[in-house]
1. When you go through ALA171, ALA127 one by one, which is the residue that is of a type in the set (A, V, I, L, M), in contact (Cβ under 8 Å) with a residue 60 or more places away in the chain and buried (at least 18 other Cβ atoms within 10 Å of the Cβ)?
2. What's the total number of residues in the stretch 199-222 that are in a helix (DSSP H, G or I), out of contact with any helix residue (DSSP H, G or I) (no Cβ under 6 Å at 6 or more places or on another chain) and farther than 15 Å from ASP92 by Cα?
3. What is the one condition in (1) in a helix (DSSP H, G or I); (2) surrounded by 14 or more Cβ atoms within 10 Å (Cβ to Cβ) that VAL190 does not satisfy?
Amino acid sequence: MRIPFLCLFTRSPFDELQEHAEKVKECAWAFQQAIECYASARCEVFEEHRQQVIRLEHDADDIKRGIRGHLPKNIMLPVEKFQLFRYLREQDSVLDSVQDALNWLSFRPLNVIPEPLERDLFLLVDAVVEPTEELSRMVGEARLYFRSFSEKQRSKVKAIIGNIRQMEHEADQREHALLRKIFQEDLDPVTVLHMLKLAKIIGSVADHAENAGDMMRAMIAR
């Protein structure tokens, strides 16, 4: 028999997962602003956006350590601990990829995105931000599910997981479009290398969001 979370904890681990997911959402917004700033000749605050992402990632790390360090031992959970930790790892990897992308950009001067690639880059960034925003909503609905184990609530979580999977597929398409465009343009080798790696790092943001959705599906499986 499954035991509702509220009967086991004063504070559910999913409360902290929700806080962590909110940090992911904030980080995604800051990431979007940073990319737009980097590509603009008029923007002078790229480093401020990057530092904001770093601060948010540090805050999320504190939450992550709290979940890992304070999860009660020798107590029944409605999910396996390894599932909870694997979910957290994937959600946290979204932040790592966002930070990696901005760090990679910071190695080159601002406004070096070739103009023919800007539109495809922005479309890719928008595409990977969408599934990261859904993580917070998914965790929120999962919190409600683990309080009631309602089939209706479980269906809501599954629907969000399906949306995230579809969004990741669309992000893949945007990534492939950008990669094709990179090779179609007459660019110097350094710019080609820089843009290829940037596209792969940004694409991994959506990959980790989808992986988090897959782990959530495993946690709510009957």
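What follows draws every value from the coordinates through simple rules; no lab data is involved. Since this is a predicted model, take the numbers as computed values, not measurements. So basically every Cβ, Gly included, is an ideal-geometry build from the backbone, and we count neighbours across all protein chains shown.
1. Details: ALA171 fails: in contact (Cβ under 8 Å) with a residue 60 or more places away in the chain.
Exactly one residue qualifies, and that residue is ALA127.
2. Here the count works out to 1.
3. It fails just one condition, (2).
A quick yes/no check of all residues on (1) within 20 Å of PHE31 (Cα to Cα); (2) charged (D, E, K, R); (3) surrounded by fewer than 13 Cβ atoms within 10 Å (Cβ to Cβ); (4) touching a Gly at 6+ places or on another chain (Cβ under 7 Å):
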| position | (1), (2), (3), (4) |
| --- | --- |
| PHE82 | no, no, yes, no |
| ASP100 | yes, yes, no, no |
| PRO109 | yes, no, yes, no |
| PHE122 | yes, no, no, no |
